[in-house]
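Taking it in order: structure first as structure tokens, then the write-up.
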Amino acid sequence: MTEQSPQRTALITGASRGLGLALARALADEGWTLIIDARGEEALESARAELAEQARVVAIPGDVSDPAHRVALADAARDAGGLDALVNNASILGPSPQPALLDYPLDVLEEVYRANTLAPLALIQVLRDELKQDARILNVTSDAAVEPYEGWGGYGSSKAALEQLSNILAAENPNLHIYRADPGDMRTRMHQEAFPDEDISDRPLPEESVPGLLELLSGDLPSGRYEARALVTAHEGSTHEG
Ligand SMILES: NC(=O)c1ccc[n+]([C@@H]2O[C@H](COP(=O)([O-])OP(=O)(O)OC[C@H]3O[C@@H](n4cnc5c(N)ncnc54)[C@H](OP(=O)(O)O)[C@@H]3O)[C@@H](O)[C@H]2O)c1
């Protein structure tokens, strides 16, 4: 903590590609210290090496569903002097193509819930003492959490539960900023898995959802549900303070 302005630290899960990496790049640009993870070690190391050109970065390979990995993340947060932001971004789609609920293998559904719903809450629990006073918790959800899209019952219900966990956590912890944010459709690996036979090149890049997330992490919006790209439209012309 030798910087002139207070050093800000974010833990972003699933930052080896897609939205997590795009957000990590933007925060690195603003001088944040980063703690990142992903299961795939090679892609995570390549993200770490790129981000480390601009920022202090700790990369810890592992699965957010694994309690030992979550403790390692909490240790890193403590070593960094605490967190200004926890971004629960890591998520899995489940099978591709996605099965209808009546055919959904329940053991796979449990895996989806473990990664998308239980892991974010477990991380908040294990990190509760590492959250700085004005810390932001940002849980990345989806329109599939609220819309009855056919075939999206597994992933969608895991995100619906994450939405309501966030909603109630915010009510129980009025001192914290707890956001749930839908980034919108994005041209990422997960989106291609969701639409395996489609050309998804018309979908916006994840970078287009990042300014709205920065608004949540750096602004002073109340806890609640936000759509990342709508936030930017609402705040068009405003700048994000570093
Ligand atoms: N893409 C869309 O259209 C869309 C729409 C609405 C919401 N979202 C949400 O946006 C967020 C980012 O999605 P994305 O499209 O950027 O996905 P993505 O390209 O598949 O990236 C997911 C990231 O999370 C990591 N990850 C996945 N499971 C993990 C686990 N169990 N433990 C640790 N890391 C894990 C991945 O690396 P490894 O695989 O190596 O672990 C990767 O770094 C997700 O929460 C997703 O649900 C996406």
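Rule-based calculations on the coordinates, nothing more; no lab input. Predicted, not measured: the structure shown is a model, and the values here were computed from it. All Cβ positions, glycine included, derive from the backbone under ideal geometry; neighbour counts span all protein chains shown.
State, to one decimal in nm², a quarter of the convex hull surface area for the C-alpha atoms of the stretch 58-105, i.e. the direction-averaged projected area.
Mean projected area for the stretch 58-105: 4.8 nm², to one decimal.
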- Query: Tell me, 182, 129, 29 in order of fewest to most beta-carbon neighbours within 10 Å?
  - Reply: 129, 29, 182
- Task: Compute the whole-percent fraction of alpha carbon pairs in the stretch 77-145 spaced more than 18 Å apart.
- Result: 48 percent
- Given the options 40, 212, 20, state which has the largest fluctuation in a GNM of the chain using a 10 Å cut-off (strictly under) for Cα springs. 40
- Note on the structure: With Rh as the Kirkwood radius over Cα pairs, the stretch 153-227 has Rg/Rh of 1.05
- Global form of the chain, assessed from the alpha-carbon gyration tensor, a/c cut-off 1.5: rounded
- So how do 132, 159 line up by other beta-carbon neighbours within 10 Å, fewest first? 132, 159
